[in-house]
Amino acid sequence: MENENIESVKDLTIHLIKQNKGVVIAAILFGVFFILFVPPLGIFLIIFPFLYYSWEAHEQFMRHFAEINGMIYTDTGTVKDFNGRLFEIGSGQRVSNIVSGIWNNFPIKIFNFSYTVNHGKHSSTHSFTVMEITFEKIEFPFILLKSKTMWEHNFSLSDDTNISINNDCFDLSVIKGYEVETLQIFSEKLLEYLTKNAENFSIEFSKNKINIYFNDIIGDKKNLTLLLEIGKHIIDSSGAFISRLNDDFAALHPYYLNKTT
């Protein structure tokens, strides 16, 4: 498969399996044999090549996306290097497939993130695709524009204030005391754009970062490009204005932010 034709992880996985069908067939045959004597090993041998080529396809897909957008690919990262309440949930947090670059002087990253939640003897793993925008000189309060498609994830605390925005796609919350500035950021014009283009994405402000979350691993060029375009639009339309709120936030922090941290 030529690089310019890499449109999705699914298509690339199928291509890799076909390209390596001898290895896949051998693994399946060994799996069928061992499943008669050691069932767990047999099952593992059958599914392993599909998992492996899917993993390899996703890495190639993200490398290709970085290349065509003039960005840099890194295979793994450390969760402590990222800010946001999402990264404090659960255990076994993992950051992978990081695509880094600069847009209009703002450092940006797109990456995959997952964490695990234990439920007694059982556990569940939640995966996200995230775009991070870094601001050089600002400290945000926690602000969350939460997509209603992400209702099962709770990033807010009891002290956060819900702001009425009369929107069918999003709920807006913020640390108490920052309501005016939050409404200035999420202007009618920006909300109109997000409602039209980003109804399945949530946007979080934390420290000096804006994180845009999608509640799954994005595995196709169309939707990953959409995530990148949403981040670019926020930078182009609101980045300068948001940066100018630094003095406003700094004046409020001694009264509100420090009481919640």
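Looking at the range 245-252, is at least one residue closer than 17 Å to residue 143 by Cβ and outside any helix (DSSP H, G or I)? Yes, the range 245-252 contains a residue that is closer than 17 Å to residue 143 by Cβ and outside any helix (DSSP H, G or I).
Please verify whether the range 80-102 includes one or more residues that are exposed (fewer than 14 other Cβ atoms within 10 Å of the Cβ) and either touching a residue at least 60 places away in the same chain (Cβ under 8 Å) or touching an Asp or Glu at 6+ places or on another chain (Cβ under 9 Å) (or both). Within the range 80-102, none of the residues are exposed (fewer than 14 other Cβ atoms within 10 Å of the Cβ) and either touching a residue at least 60 places away in the same chain (Cβ under 8 Å) or touching an Asp or Glu at 6+ places or on another chain (Cβ under 9 Å) (or both).
Of all residues in the range 209-256, those that are out of contact with any Asp or Glu (no Cβ under 6 Å at 6 or more places or on another chain), within 30 Å of residue 58 (Cα to Cα), surrounded by fewer than 19 Cβ atoms within 10 Å (Cβ to Cβ) and not aliphatic (A, V, I, L, M) total 10. Of a type in the set (A, V, I, L, M) and in contact with a Ser or Thr (Cβ under 9 Å, 6 or more places away or on another chain): which single residue out of 79, 99, 32 fits that description? Matching residue, one of 79, 99, 32: 99. From the list 197, 258, 223, 167, the one residue that fits, being farther than 15 Å from residue 142 by Cβ and at pLDDT below 95, is 167.
Selection of the range 177-192 for residues being among the charged types (D, E, K, R), touching a residue at least 60 places away in the same chain (Cβ under 8 Å) and farther than 12 Å from residue 248 by Cα yields an empty set. Restricting attention to the range 27-76 and to residues that are free of Cβ contacts under 8 Å to residues at least 12 places away in the same chain and outside any helix (DSSP H, G or I), the residue that is nearest to residue 99 (Cα to Cα) turns out to be 38. Scanning the range 113-131 for residues that are assigned to a strand (DSSP E or B) and surrounded by fewer than 20 Cβ atoms within 10 Å (Cβ to Cβ) yields 114, 115, 116, 117, 118, 119, 122, 123, 124, 125, 126, 127.
Looking only at the range 46-57, decide whether some residue is of a type in the set (Gly, Ala, Ser) and surrounded by 12 or more Cβ atoms within 10 Å (Cβ to Cβ). Taking every residue of the range 46-57 in turn, at least one turns out to be of a type in the set (Gly, Ala, Ser) and surrounded by 12 or more Cβ atoms within 10 Å (Cβ to Cβ).
Remark: pairs (first residue in the range 196-210, not assigned by TED's automatic domain parsing to the domain that holds residue 84 and part of a strand (DSSP E or B); second residue buried (at least 24 other Cβ atoms within 10 Å of the Cβ) and at pLDDT 95 or above; Cβ separation under 6 Å; 6+ apart in sequence or on different chains) are absent. When you look at residue 165, is it over 20 Å from the mean Cα position of the chain (by Cα), farther than 28 Å from residue 95 by Cβ and assigned to a loop (DSSP other than H, G, I, E, B), yes or no? For residue 165, the condition - over 20 Å from the mean Cα position of the chain (by Cα), farther than 28 Å from residue 95 by Cβ and assigned to a loop (DSSP other than H, G, I, E, B) - is met.
The values are calculated or read from the model by the stated rules, or taken from the named source; none is laboratory data. Because the structure is a prediction, the values reported are computed rather than measured. Backbone-built Cβ (ideal geometry, glycine too); neighbour counts: all protein chains shown.
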